[in-house]
Amino acid sequence: MTAEELNYRLIESAKVLDWTTAIVPEFTLAKFRGRSDETTVPLPAGTYGLRLGDYPTIVAPVVLGSVEEMQASLRRLHSQMVIARSYMRAEEVINAHLMLCATNPSPDADWRSVVDLAERDETVCRKIIWIPDTVAMEASYKDFLTRTFLAAPWREADESLNAPLDNNQGLAQRTLVARGLTNEVAQQWVSAVRRVKDDPDALVVELVSAREAAQ
């Protein structure tokens with residue numbers, strides 16, 4: 001599995017949300033905006049620059065190995081993100097992300113700890129790593145997506161009609177009746193509160209009068 005697959009899937013996921021998407025080659029250039037000198041450390045092959053809605057993103061492959069190897073990869077990607085920021089709008093810099101596609105997990109390395117270490121490091125920007133599962137590809141991508149800004153849990157939630165939050169009509173009147181007022185007085189109180197909003201003294205007089213008239 002390559003970062004190209006992740007790149008494609010991210011674009012498609014953004015389109016599902018009706019977000020605008022764009023490939024941004026400038027995010028992977030070797031030089032800062034307005035400067036001619038270039039970095040001499042190459043990016044991994046298959047690195048892409050994207051805009052997904054308001055989120056500028058660099059998609060890149062990363063080899064899962066030792067902590068030292070991951071830190072070396074992140075140093076290069078951090079440097080690239082700093083370059084990419086010179087091509088971003090000021091208001092979107094805070095939304096910058098590195099989306100990494102893990103390749104060739106070493107069977108001898110504690111790579112889950114390596115991934116956790118990388119994702120907790122929010123130096124320069126946030127980083128999220130997808131570990132494709134060739135047996136359950138869709139499930140592994142869905143799990144990855146739930147940890148990103150593209151998560152949309154409300155799309156899969158069951159619609160619930162007449163939920164308790166929807167039953168607020170008449171709540172104040174029912175509460176007043178439960179506290180000892182008759183239904184008629186409670187209705188008068190609710191009506192008075194709606195009508196008399198800028199004169200608390202007049203409101204108190206009307207509430208007391210309604211209560212006394214019912215006795």
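Taken along the Cα-to-beta-carbon direction at a fixed 7 Å, the label points for residue 20 and residue 119 span 3.1 nm.
Surface composition of region 44-146: carbon plus sulfur atoms hold 51% of the accessible area, using a 1.4 angstrom probe and ignoring ligands, DNA and RNA.
GNM on the chain, alpha-carbon springs under 10 angstrom: the most fluctuating residue among 19, 111, 189 is 189. A Stokes-Einstein calculation at 25 °C with viscosity 0.890 mPa s, built on the Kirkwood radius of region 1-79 over Cα pairs, returns a diffusion coefficient of 177 µm²/s.
In summary, the lysines within cross-link reach of residue 127, defined as a Cα separation below 21 angstrom excluding same-chain residues under 8 places away, comprise 142.
For residue 103, the residues 5 or more places off, or on other chains, whose built amide H falls under 5 Å of its own are 62, 63, 64. For region 51-137, the Kirkwood estimate of the hydrodynamic radius, built from every pair of different alpha carbons, is 13.6 Å. Gyration tensor over the Cα atoms of the chain: the corresponding equivalent ellipsoid has semi-axes (square roots of 5 times the eigenvalues, largest first) of 58, 22, 16 Å.
Every helix of 4 or more DSSP H residues in the chain counts as -39500 (n - 2.57), and over all residues that averages to -12500 deg cm²/dmol at 222 nm. Report, for the chain, the % of DSSP beta bridges that are antiparallel, rounded to 5. Of those bridges, close to 40 percent are antiparallel.
Subtracting the Cα-Cα distance of residue 69 and residue 204 from 0.36 nm times their residue separation leaves 41.3 nm of extension gain.
Full extension of the chain between residue 214 and residue 190 gives 7.1 nm of extra length, using 0.36 nm per residue less the Cα-Cα distance.
Calculated accessible area for the chain comes out at 63 Å² per residue, all protein chains present (probe 1.4 Å; ligands, DNA, RNA ignored).
The values are calculated or read from the model by the stated rules, or taken from the named source; none is laboratory data. Computed from a prediction, not measured in an experiment: that's the story for all the values here. Note: ideal-geometry Cβ built from the backbone for every residue, glycine included; neighbour counts use all protein chains shown. Quick note on the areas: whole protein, heavy atoms, side chains included, nothing else; ligands and nucleic acids left out. Shrake-Rupley method; radii C 1.70, N 1.55, O 1.52, S 1.80 Å.
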